[in-house]
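Below: one structure, written as structure tokens.
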């Protein structure tokens, strides 16, 4: 197995368990709860799919966060919402689709920084999904955009931040590019 730049770069923000690569996930109904099975003292497992795949950005924003590994969130698709030229990433339920993700262990101060960055609770809400990781299902917190924002294209800068995260993690860029195409196409159809 070839080592990705993401795996080699883990000294910046933690260590990776190579057995965790390629894990599966499944959706789990319910909201993220402060009293989840994993206590705040031990941290929270956080699932990233957009700009928080970017190791440099996460190292700056969440200095105590540690990468656990990658997984595939099944039953969801990646989209961009917020209008053309300023849309940001979100995931939405979609049978037959999947999104590559990174799992992080975050501490309370990291979660507070992410809450500010993600515009929680106004722009994004927190939900919990079950992710297959190291042979077992674990709960992971994820930010999902609230309803009502139009589909559209991300800014070039925001796209590049996510693209670098995909490259760092060794993810297939075609998933990201398809999300941009689908979001722009749907936005254009709704304008007609």
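The values are calculated or read from the model by the stated rules, or taken from the named source; none is laboratory data. Remember, it's a predicted structure, so these values are computed and weren't measured experimentally. Positions of Cβ are generated from backbone atoms using ideal geometry, with glycine treated the same way; all protein chains shown enter the neighbour counts.
How about segment 138-161: which of its residues are in a strand (DSSP E or B) and free of Cβ contacts under 8 Å to residues at least 60 places away in the same chain? Hits for segment 138-161 are 143, 144.
As a summary of the residue check, residue 9 satisfies the conditions (1) surrounded by fewer than 22 Cβ atoms within 10 Å (Cβ to Cβ); (2) at pLDDT below 95; (3) touching a strand residue (DSSP E or B) at 6+ places or on another chain (Cβ under 9 Å); (4) over 20 Å from residue 181 (Cα atoms) except for the one numbered (3).
Rundown of residues vs (1) crowded, with 17+ Cβ neighbours inside 10 Å; (2) closer than 22 Å to residue 70 by Cα, yes/no style:
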{"site": "136", "(1), (2)": "no, yes"}
{"site": "141", "(1), (2)": "yes, yes"}
{"site": "155", "(1), (2)": "no, no"}
{"site": "168", "(1), (2)": "yes, yes"}
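Kindly establish whether residue 112 is modelled with pLDDT under 95, over 14 Å from residue 47 (Cβ atoms) and surrounded by fewer than 16 Cβ atoms within 10 Å (Cβ to Cβ).
Considered against the rule, which asks whether it is modelled with pLDDT under 95, over 14 Å from residue 47 (Cβ atoms) and surrounded by fewer than 16 Cβ atoms within 10 Å (Cβ to Cβ), residue 112 comes out as no.
Within segment 156-177, is there a residue that is at pLDDT 95 or above, within 15 Å of residue 73 (Cα to Cα) and out of contact with any helix residue (DSSP H, G or I) (no Cβ under 9 Å at 6 or more places or on another chain)? No: segment 156-177 contains no residue that is at pLDDT 95 or above, within 15 Å of residue 73 (Cα to Cα) and out of contact with any helix residue (DSSP H, G or I) (no Cβ under 9 Å at 6 or more places or on another chain). Restricted to segment 30-61, and to residues there that are modelled with pLDDT of 95 or more, more than 13 Å from the chain's Cα centre (by Cα) and closer than 13 Å to residue 141 by Cβ, the residue that is surrounded by the fewest Cβ atoms within 10 Å (Cβ to Cβ) is 43. One residue stands out among those in segment 62-74 that are in contact with a strand residue (DSSP E or B) (Cβ under 6 Å, 6 or more places away or on another chain) and surrounded by fewer than 22 Cβ atoms within 10 Å (Cβ to Cβ): the one that is modelled with the highest pLDDT, which is 66.
Checked against (1) at pLDDT 95 or above; (2) within 19 Å of residue 84 (Cβ to Cβ), residue 186 meets all criteria but (1). Does residue 131 satisfy the criteria of being modelled with pLDDT under 95, more than 28 Å from residue 150 (Cα to Cα), in a strand (DSSP E or B) and under 14 Å from the mean Cα position of the chain (by Cα)? So residue 131 passes the test.
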